[in-house]
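*Asks:* If you scroll down you'll find the structure; I have some questions about it.
No lab work stands behind these numbers, since they all come straight from the coordinates. This is a predicted model, so every value here is computed, not measured. Cβ sites come from the backbone with ideal geometry, for glycine too, and all protein chains shown count toward neighbours.
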Amino acid sequence: MVSSITINAPSSTANLGPGFDVFGLAVDAFYDTVTLTKTKNGISIVTDDNIPTNPQNNTAGLVVKNMKNKFKIKDGIEIKIKKGIPAGYGMGSSAASAAAAAVAFDKLFKLKLDNNSLVEFAGYGEKASAGTVHYDNVAASVLGGFVIVKTNPLNVTKIDAPTNLRMCIAVPKLVVPKKKTKVSRGVIPKNVKLTDSIVNLSNASAIVAGFLKKDLDLIGNSIKDVIVEPARQHMIPGFSKVKANALKAGATGVTISGAGPSVIAFSKKSSNLKKISQAMSKGFTSTKTESQVVICKPSKGAVDSK
Ligand code: HSE
């Protein structure tokens with residue numbers, strides 16, 4: 001009888017510019033590892049990382065609590081969490097722990113849930129950190145590749161990402177607010193102009209077409225957001241310089257990764273990825289901000305660690 005399951009779930013980037021709360025892409029930059037082990041009773045969290053250990057305030061804890069109730073599981077569960085994804089930088093850190101917990105729970109109790117259900121359960125965890133449920137990061141982290149989230153009812157479409165797609169993600173060394181996603185959602189306008197929504201809809205549709213046609217230029221050229229990025233960019237010192245530098249160095253499209261403050265440059269395997277990374281880093285240095293730039297590929301999503 002299986003009494004323990006370990007799942008690695010990848011980091012992810014949400015929005016991809018115009019696809020706010022709708023698009024996600026799993027990236028192999030970092031991974032969180034969650035091990036669920038059956039115990040006598042209750043839910044406990046074991047970790048060496050600086051994260052809440054009360055299941056009610058922990059993204060993985062919330063997922064396990066909800067799934068345990070929903071499926072009337074009598075066993076207790078120990079949740080062991082090892083964070084590999086920096087928290088609060090727009091890399092889907094909270095989502096990855098939630099995704100890993102949902103996938104591990106499904107396997108441990110042989111529930112055989114479909115993709116939409118797994119994503120929906122993983123979404124419970126996001127509420128803890130963002131204040132509202134949004135499925136873009138969890139969907140990418142659970143399923144891998146490029147995902148499109150439709151809500152009411154939840155329906156997630158996954159498209160395999162082109163194998164020659166590469167991303168340079170600059171993670172600035174900034175002190176981020178505790179509830180960063182909540183804060184950065186607070187600056188987004190409540191109403192948008194019709195002309196702006198048309199620009200974003202057109203770019204978002206072209207991104208989907210780009211992933212379907214494996215057209216990296218179409219994807220990159222369509223990473224343009226005239227609604228959310230302009231409202232959030234003031235929270236990232238040096239953003240416009242980082243973006244301009246990356247585009248000049250050959251990136252096909254640049255935007256904020258998720259709710260930021262990381263900046264993501266889309267490029268190709270054949271691009272000069274080192275040059276793009278250095279250009280991004282220089283952009284941050286112009287405002288005396290240090291950064292770590294990670295060059296990464298699309299990831300396959302949450303998988304068994306064995
Ligand atoms: N779509 C979400 C946002 C992602 O931009 O607020 C947060 O990680």
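*Asks:* Quick query: amide H of Val27 versus all other amide H atoms, modeled in the peptide plane; which residues come in under 5 Å with a sequence gap of 5 or more or a different chain?
*Replies:* Amide H neighbours of Val27: Ser11, Ser12, Thr13, Ser299.
*Asks:* How large is ³J(HN,Hα) for each residue in region 7-22, as worked out from phi by the Karplus curve 6.51 cos²θ - 1.76 cosθ + 1.60 (θ = phi - 60°), to whole Hz, x for Gly and Pro?
*Replies:* Whole-Hz 3J(HN,Hα) from phi for region 7-22: 10, 9, 10, x, 5, 8, 10, 9, 6, 6, x, x, x, 3, 6, 10.
*Asks:* So how long is each side of region 73-134 along the principal axes, counting just the alpha-carbon atoms, biggest first, in Å?
*Replies:* Taking the Cα atoms of region 73-134, the three principal extents are 34, 24, 17 Å.
*Asks:* Throw me the Rg/Rh for region 1-153, computed over C-alpha atoms with Kirkwood Rh, two decimals.
*Replies:* The Rg/Rh ratio comes out at 0.95.
*Asks:* Let me have the relative contact order for region 156-275, percent, based on Cα pairs under 8 Å that are six or more residues apart.
*Replies:* Answer for region 156-275 is 34 percent.
*Asks:* Classify region 159-227 as rounded, prolate or oblate, taking a ≥ b ≥ c as the square roots of the eigenvalues of its Cα gyration tensor: rounded when a/c is under 1.5, otherwise prolate if a/b is larger than b/c and oblate if not.
*Replies:* oblate
*Asks:* Assign one of three labels to region 109-171, namely rounded, prolate or oblate, based on the Cα gyration tensor with a ≥ b ≥ c the square roots of its eigenvalues; rounded applies when a/c is under 1.5, prolate when it is not and a/b is larger than b/c, and oblate otherwise.
*Replies:* oblate
*Asks:* Provide the convex hull volume over Cα atoms per residue for region 130-253, in Å³.
*Replies:* Residue-normalised Cα hull volume stands at 141 Å³.
*Asks:* Tell me, what is the percent relative contact order of the chain, built from C-alpha pairs under 8 Å that lie six or more residues apart?
*Replies:* Relative contact order for the chain comes out at 24 percent.
*Asks:* Something else: Once you have a ≥ b ≥ c as the square roots of the Cα gyration tensor eigenvalues for region 208-262, tell me rounded if a/c is under 1.5, and otherwise prolate or oblate according to whether a/b is larger than b/c.
*Replies:* The shape class here is oblate.
*Asks:* While we're on this one: I need the fraction of alpha carbon pairs in region 196-306 separated by more than 21 Å, rounded to a whole percent.
*Replies:* Counting every Cα pair in region 196-306, those more than 21 Å apart make up 40 percent.
*Asks:* Over the chain, what per residue volume does the convex hull of the Cα atoms give, in whole Å³?
*Replies:* 122 Å³
*Asks:* Students often check this: by mean Cβ neighbours within 10 Å, which of 37-50, 283-296 ranks highest, and how do the rest follow?
*Replies:* So the peptides 37-50, 283-296, ranked by packing, come out 283-296, 37-50.
*Asks:* Which whole-percent values make up P(r) of region 1-51 when all C-alpha to C-alpha distances are grouped in 5 Å steps starting at zero?
*Replies:* Going from the shortest bin to the longest, the percentages are 5, 14, 16, 18, 15, 13, 11, 6, 2, 0.
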